[in-house]
Structure formats: structure tokens, C-alpha cells
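Chemist: Structure below; questions to follow.
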Amino acid sequence: MMGQPFVDLLTADDAFIRTLLELAQSIKSDPSQYAQSLKGRLLYALYQKTSTRTHVSFAKAADLLGCAYVDQSWQSSNFSISDQSCETKYVSVVADFFMARLLRYEDLVAIAASATIPVINGCCSRFHPMQALADALTIREHFGAIGGQRFLYIGVDNNMLNSLSTLLPRLGVVVVAFAPERNDSAFDERVVAQRQSDERFISVATPTRDALRDEIRKADVVYLDTWVDMENFHDPERNTENAARVARMRPFALTADLYQGSHAAIMHCMPVHPGYEIDREMIEHPSSIIFTQAANRTYAQAAALLMGRRN
């Protein structure tokens, strides 16, 4: 089909993104206005990765719009045993939207290429566009407008940073990346090229605790993400690798000591691991907007559904 902007947001222009954020805010302010907007439509959701927020927020977004919702795990579907293009073409015949939360970006791209309905990336190895849109909505809501903020990301160079670093600078936000570790599965040449060409993306060259403390004091937003991928968190074959990463990252966890002297809003894309990337007291800190941020997934995704619908 022509255009699948919600696979990675790389092809969505700035006007499209700003219109979506306006719509998301409008839905949140007065959901009753949109209650029957997608009556008679069906959202099909396919899950291969673990999920809490994606599962609940897409179901809620569909409900807000009067849209039917059906979800299925990868293993219980025939996507795991059949030709993906055939399965996708079938879903395109009976559903109006296809949300997929998959392990591999390549599988999402293949589904999007075969689909004749909008395909939404609910998270994959390389991008997490719906979370990034919810984050942009949260910044806009918290500060009254988006643009001009200094946004500090602390974590691994991964799918989340890919989406944030390609979205927020286009909206006028300076993204500072404090990312001593990288997930190789998230590497994307287009993202690298965009970062290198945009002066609003800054990578901290020497990641030390003192450098981090300085960046936290300069930031308007401090953003945390998990250090270990969800599907690898309890994998015994990854114990050594995970332990090494935790040891490397632990000095950079957000603590009250590191945050001292800052008034930055605290964000986390969740799931949270208290005692790892953030101390529990910082989750409940007065500057924390983590749960508002999580709730905004519903409204950003409802806006994506409305802007993606085909008449």
C-alpha cells in the first residue's frame, strides 16, 4: 500500500506529526467527541514480544473510538507457521488496522509491504514509534508546547533511542544521549545519518558520572529506559552478558544524589526496574511524570488510528 508511516515514523512529515499530537490532545481533553469515530472498524493486534502498556493502551484506544479489538499471540496465530504475506493479506481483508508488536523489525517491514490496511509498529527490535509519540505528547502537555526543551536520555542505544532521536529533534527538542551501551539489533543506517546531520542530537562523548550529573542539571527532561531487553531479562543464557551490562550501567542510575539541583521532569518508558536504572524514590518524586506518560499511550495511539484510517 502507499505509505506506512507508523512502522518507524521515518517517512512521516513534520506537519503530520504535529497534527497527530494536536488530535491526541483533543481526544484526551474530550474523548466523548470521538466515541463513535471508528464504529464498525476492527483493530487486529499481534503480539510476539511481552507487553503490558501496549496491550492495555491499544484496547483502551479502540474502545474510546468505538472500534472492535481482537488480539492474538504470535504462537497461537498461523503467522508462526505460514507464509507471512498470505496471513497479512487475509488480515487486510477482514480488519481495518493491523498492530504488530514483534521481535524483528524485518518482520514488521514484510507485513507492512503485504498489507492493504494501516500497519502500526507496537515495538520491535529497531523502533518504538508509539511510545515516542506518547512521549512527545507528554512533553507538549507538561510544558504547554513542544520545542526548545533539552531532553536527556540515559540508557542503552536501542530501539527507544532510535525513535526518540528521529522524532523529537524534528519538533524542536534537543536530544542529549547518554548511552554507554548499544543494542546491535537496533542499528539502523538511516538513524545514524539523521543523527549526524541534526545539530539537535548530541551524544555525550565521555560517559562519566560527573558528566551525567552536569547533564541532568541542564536538562528539562530526564528520560530512563531499561538496560536489558524485556525478552532477555530472565534468559539464563544471557546471565553473564546481562550482569556485565548492569555493572557497566549501575553508576548511571537515576538517584536522589545524581538528581540533586535539577528540576527536570522525570520520564521512563516502562517497564521500570527499581534499583537498576532508577531508584524507587525517584519514580514517586514530585517531578516524576512517568505514569502520565504511560497513560498518554492511549491517546497517541487513538490519534494514530484516526489518522491512519482508510475511507
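The values are calculated or read from the model by the stated rules, or taken from the named source; none is laboratory data. Everything quoted here is computed from the prediction, not taken from an experiment. Glycine also receives a Cβ, built like all others from the backbone with ideal geometry; neighbour counts cover every protein chain displayed.
Chemist: Among the listed residues Y69, Y47, which satisfies the condition of being of a type in the set (F, W, Y), over 16 Å from A300 (Cβ atoms) and under 19 Å from the mean Cα position of the chain (by Cα)? Even if it seems obvious, please write down each step before you answer.
Modeler: Details: Y69 fails: under 19 Å from the mean Cα position of the chain (by Cα).
Result of the check over Y69, Y47: Y47.
Chemist: Out of (1) surrounded by fewer than 23 Cβ atoms within 10 Å (Cβ to Cβ); (2) under 15 Å from the mean Cα position of the chain (by Cα); (3) not small (G, A, S), the odd one out for C123 is which?
Modeler: Among (1) surrounded by fewer than 23 Cβ atoms within 10 Å (Cβ to Cβ); (2) under 15 Å from the mean Cα position of the chain (by Cα); (3) not small (G, A, S), the lone unmet condition for C123 is (1).
Chemist: Ok, one more. Quick check on the stretch 199-221. Is at least one of its residues buried (at least 21 other Cβ atoms within 10 Å of the Cβ), of a type outside the set (D, E, K, R), within 16 Å of the chain's Cα centre (by Cα) and not in a strand (DSSP E or B)?
Modeler: For the stretch 199-221, residues buried (at least 21 other Cβ atoms within 10 Å of the Cβ), of a type outside the set (D, E, K, R), within 16 Å of the chain's Cα centre (by Cα) and not in a strand (DSSP E or B): absent.
Chemist: Can you tell me which of S165, S114 is closer than 26 Å to L258 by Cα, modelled with pLDDT of 95 or more and either surrounded by fewer than 24 Cβ atoms within 10 Å (Cβ to Cβ) or assigned by TED's automatic domain parsing to the domain that holds E277 (or both)? Spell out how you get there, then give the answer.
Modeler: Details: S114 fails: closer than 26 Å to L258 by Cα.
Going through S165, S114 in turn, just one is closer than 26 Å to L258 by Cα, modelled with pLDDT of 95 or more and either surrounded by fewer than 24 Cβ atoms within 10 Å (Cβ to Cβ) or assigned by TED's automatic domain parsing to the domain that holds E277 (or both): S165.
Chemist: Every residue in the stretch 253-311 that is farther than 24 Å from L9 by Cα and touching a Phe, Trp or Tyr at 6+ places or on another chain (Cβ under 7 Å), please.
Modeler: Across the stretch 253-311, the qualifying residues are A253, Y276, E277, M282.
Chemist: Shifting gears a bit: Can you tell me which residue among A295, A243, A265 is touching a His at 6+ places or on another chain (Cβ under 8 Å) and either at pLDDT 95 or above or not aromatic (F, W, Y) (or both)?
Modeler: Values: A295 fails: touching a His at 6+ places or on another chain (Cβ under 8 Å); A243 fails: touching a His at 6+ places or on another chain (Cβ under 8 Å).
Of A295, A243, A265, the one residue that is touching a His at 6+ places or on another chain (Cβ under 8 Å) and either at pLDDT 95 or above or not aromatic (F, W, Y) (or both) is A265.
Chemist: If a residue counts only when it is free of Cβ contacts under 8 Å to residues at least 60 places away in the same chain, which helices (runs of 4 or more DSSP H) contained entirely in the stretch 73-162 have at least 3 such residues? Steps first, answer last, please.
Modeler: Values: elements: 84-94, 105-114, 129-143.
Answer list for the stretch 73-162: 84-94, 105-114.
Chemist: Taking S29 as meeting all but one of (1) among the small types (G, A, S); (2) farther than 18 Å from G122 by Cβ; (3) touching a residue at least 60 places away in the same chain (Cβ under 8 Å), write down the number of the exception.
Modeler: (3)
Chemist: Quick one: how many residues across the stretch 16-68 are surrounded by fewer than 20 Cβ atoms within 10 Å (Cβ to Cβ), closer than 26 Å to L103 by Cβ and among the hydroxyl-bearing types (S, T, Y)?
Modeler: Total satisfying the criteria: 3.
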